[in-house]
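Data first, discussion second: the structure below is written as C-alpha cells.
The values are calculated or read from the model by the stated rules, or taken from the named source; none is laboratory data. All of these numbers come straight from a predicted model, not from anything done at the bench. For neighbour counting, all protein chains shown are included, and Cβ atoms are generated from backbone atoms with ideal geometry for every residue, glycine included.
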Ligand code: CA2
C-alpha cells in the first residue's frame, strides 16, 4: 500500500505528558509519534505517516488542504478547535478519504463544553478515551479503512 496518512494535532498537545497526567496520561507527543510510526510499519510497509502538531488554527487548516492534495487518510486530534472551528469543519468536509477524529480523553464524560464536536459531523469514525494508545488504534483502523473499501466518501 503506497499511501500517506496525516496525523494532525491541535493546540496544546505539544505539552502532552508534561501537565494534567490524570486526564491525558504521561506519554509525550514525541512518544506518540514514535508508536504511530511503529504501528504503520507493522501494518503496511509503504504507509507513510505525516505527524504534525500546531497551536494555530490557520496552520491546521493548511495541513488539511495539503492532505486533500497528497493524503489518503486523516487522523486528527483538533483539541479545542474540535468544538469551535467552522473553518476546520469546512476544510475537513472537502477531504475525500477517511477521517478519524481522535481524543485522548473521553470527551463525553467531561464538562458539557466538550460535548458538541463539530468534527464528528464530518468524521468517518471517532476514538475517545483510550489514552495515547488511541493513536495506535487509529493508525491500525485507518490502514484497514484504506485497504478495505479505499476512499469512503
Ligand atoms: O482528549 C483530547 O485529546 C482532547 O482533544 C484534548 C484537548 C481538549 O480540548 C479536548 O476536548 C480533548 C486539550 C488538549 C490540551 O492538551 C494538554 C496536554 C497536556 C497537558 C495539558 C493539556
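Residue-level check: of (1) under 22 Å from residue 13 (Cα atoms); (2) outside any strand (DSSP E or B); (3) touching a strand residue (DSSP E or B) at 6+ places or on another chain (Cβ under 6 Å), residue 146 misses just (1). The condition (being surrounded by fewer than 18 Cβ atoms within 10 Å (Cβ to Cβ), part of a loop (DSSP other than H, G, I, E, B), out of contact with any strand residue (DSSP E or B) (no Cβ under 7 Å at 6 or more places or on another chain) and at pLDDT below 95) is satisfied by just one residue among 153, 55: 153. Residue 113 meets all of the listed conditions (1) in a helix (DSSP H, G or I); (2) closer than 21 Å to residue 22 by Cα; (3) at pLDDT 95 or above but one, namely (3).
Every listed requirement among (1) in contact with a helix residue (DSSP H, G or I) (Cβ under 6 Å, 6 or more places away or on another chain); (2) touching a residue at least 60 places away in the same chain (Cβ under 8 Å) is met by residue 71 save one, (1).
Listed by first and then second residue, the pairs with beta-carbon distance under 7 Å, at least 6 apart or on different chains, first residue in region 21-42 and under 14 Å from residue 137 (Cβ atoms), second more than 16 Å from the ligand (Cβ to nearest atom) and assigned to a helix (DSSP H, G or I), are 39/140.
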